[in-house]
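The values are calculated or read from the model by the stated rules, or taken from the named source; none is laboratory data. These figures come from a predicted structure and were not determined experimentally. Cβ sites come from the backbone with ideal geometry, for glycine too, and all protein chains shown count toward neighbours.
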Amino acid sequence: MGYRKRFYRNWQNPDGLVSFSVRCRETDLMVYAEKNLAEKALVLVRKYRSQIEATIKENPCFSTSLIPLEVKTPYRIITEMVDKSRLAGVGPMAGVAGAIAEFTGRELLEDTEGIIVENGGDVFIRSRKDRTVLVYAGEESPFRDRVRILLRGREEPFGVCTSSRTIGHSKSFGNTDAVVVVASSAVTADVFATAVGNRVKRPDDLEPAIEYVRSFPDISGLLIMIGDRMAVSGEIELV
């Protein structure tokens, strides 16, 4: 999949952090930290990409499966993708963007207390300050760019990930304009954003989707947009 300009980055300006971008083939991160860590971030991205690519070379179905797989691996990032995708009932690559953001971000935390790693709508965050996330639902949605979520500052890092039928190149079998999941990790948020997006094909699916997510304690918040309907659950504060 070729590179697509990420226009929404023009809207991003986290207070108190320095921004820098990291690109390696299909991976395109925007990172915000207390200092420029671009050189280290690029080394990390290359490391984790090579581990994923090695796994795909040995297990070609890893890159295409839409259902959970059992994979023996020495790589922690692969174990995390496999384990979290099994919980969500999706293929392991449903968590790849969140995984690269998270594993890169966690190692960068050795050099910065606050960090935001954005990887195409999938975000790893560690911030003691409150942060606001804008949810872009597409030009055809009545919500468009009118909804924002307040993320309260916290000590532990967490993930905020988005899935959409209409935006981006990720595969979705549902009809949502946006599904946003807030979870204890970006990998968890990523795979469950896909899983919820797959489940919601019409507005009547909103309530069952919310009930489905409530059974997973690692998920703290959920927002779903479909047509002119929006559902919110958990620790989601709209501003």
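Structure notes:
- Criterion: in contact with a Gly (Cβ under 8 Å, 6 or more places away or on another chain), modelled with pLDDT of 95 or more, farther than 28 Å from Ser65 by Cα and not aliphatic (A, V, I, L, M) - qualifying residue of Gly234, Gly221, Gly153: Gly234
- Among the residues of this structure, Arg165 counts as one that is closer than 25 Å to Tyr212 by Cα, charged (D, E, K, R) and assigned to a loop (DSSP other than H, G, I, E, B).
- Those residues of segment 186-232 which are among the small types (Gly, Ala, Ser) and surrounded by 22 or more Cβ atoms within 10 Å (Cβ to Cβ), in sequence order: Ala186, Ala189, Ala193, Ala195, Gly197, Ala209
- Just one of (1) buried (at least 17 other Cβ atoms within 10 Å of the Cβ); (2) of a type outside the set (Ser, Thr, Tyr); (3) more than 29 Å from Val82 (Cβ to Cβ) fails for Val181. It is (3).
- Counting the residues of segment 188-230 that are assigned to a strand (DSSP E or B) and either among the aliphatic types (A, V, I, L, M) or farther than 19 Å from Phe158 by Cα (or both) gives 8.
- Test for Ser233: is it polar (S, T, N, Q), part of a strand (DSSP E or B), in contact with a Leu (Cβ under 6 Å, 6 or more places away or on another chain) and over 21 Å from Gly91 (Cα atoms): yes
- For Glu207, the criteria (1) in contact with a helix residue (DSSP H, G or I) (Cβ under 9 Å, 6 or more places away or on another chain); (2) more than 29 Å from Ile78 (Cα to Cα) hold in every case but one, which is (1).
- The set of residues in segment 16-66 that are charged (D, E, K, R) and over 21 Å from the mean Cα position of the chain (by Cα) comprises Glu34, Lys35, Glu39, Lys40, Lys57, Glu58.
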